[in-house]
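Notes follow the structure.
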Amino acid sequence: MADHERFARVATVLSRSFGRISRDAARSGDVTPQQADTLLVIAERGAMSTSAIAEVLGIDPSTASRNLAGLENPSDRDRKGGFITRRKDTEDGRQTDIRLTPRGRRTVDAITESNEKLFGAVLERLPKNDRVKFFDMLDQVAKALG
């Protein structure tokens, strides 16, 4: 099997598996996986615009807006929402920044804790002697992906 074929096969399995783990972690925060990704990006990068969030997540701005609407406003049916707030940028009044609320921060903390536990279980299955090499290779793959 050629290197590119082997890499494609392994990358597909990893992508699917990482997605499953991330979906499981999102459930710990009472949000959809897409909303969890959005919250994690805001927590990592700080206040952001809708277009910046869309760019980082690689999604259409209208999709980002729908995700944000669900995170911002509680629905009458399930009382979810209140994870983010929007504020006008102090330097550019045309710009609206999205920030986490205390509920959003707690949700990010729950998702992060769940991610660490779920991915930690995977890490424990790897030989300790190979972990540094493994992390170095993952860093190289992450850089290659941009």
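The values are calculated or read from the model by the stated rules, or taken from the named source; none is laboratory data. Remember, predicted model here, so these are calculated numbers, not experimental data. Because the Cβ atoms are built from the backbone with ideal geometry, glycine has one as well, and the counts that use them run over all protein chains shown.
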Exercise for the section: Spot the failing condition for T50; the list is (1) farther than 30 Å from M137 by Cβ; (2) more than 13 Å from the chain's Cα centre (by Cα); (3) at pLDDT below 90, and only one is missed. Expected result: (3)
Problem - Pairs, first under 15 Å from A69 (Cβ atoms) and among the hydrophobic types (A, V, I, L, M, F, W, C) in the range 31-51, second assigned to a loop (DSSP other than H, G, I, E, B) and at pLDDT below 95, C-beta under 8 Å, six or more apart - result: V31/K80; V31/F83; L39/G29; L39/V31; L39/F83
Fill in the blank from the handout: With criteria (1) in a loop (DSSP other than H, G, I, E, B); (2) under 15 Å from A110 (Cβ atoms); (3) among the hydrophobic types (A, V, I, L, M, F, W, C), L40 comes up short on (1)
Exercise for the section: Being part of a helix (DSSP H, G or I) and more than 24 Å from L40 (Cα to Cα) narrows it down to one of V108, V141, V132, so name that one. Expected result: V132
Exercise for the section: Quick one: T12 ticks every box in (1) touching a residue at least 12 places away in the same chain (Cβ under 8 Å); (2) surrounded by fewer than 17 Cβ atoms within 10 Å (Cβ to Cβ); (3) closer than 25 Å to A144 by Cβ except a single one, so which number is it? Expected result: (1)
Exercise for the section: Looking only at the range 81-138, count how many residues are in contact (Cβ under 8 Å) with a residue 40 or more places away in the chain and of a type in the set (F, W, Y). Expected result: 2
Practice task
Considering every residue within the range 11-34, establish whether at least one is part of a loop (DSSP other than H, G, I, E, B), of a type in the set (V, I, T) and in contact with a helix residue (DSSP H, G or I) (Cβ under 8 Å, 6 or more places away or on another chain).
Solution key: yes
Fill in the blank from the handout: Of S49, S28, S22, the only residue that is over 18 Å from I111 (Cβ atoms) and polar (S, T, N, Q) is S49
Problem - Which numbered condition V122 misses (of (1) assigned to a helix (DSSP H, G or I); (2) surrounded by 13 or more Cβ atoms within 10 Å (Cβ to Cβ)) - result: (2)
Completion exercise
In the set K80, K117, K88, the lone residue that is modelled with pLDDT under 90 and closer than 26 Å to D24 by Cα is K80
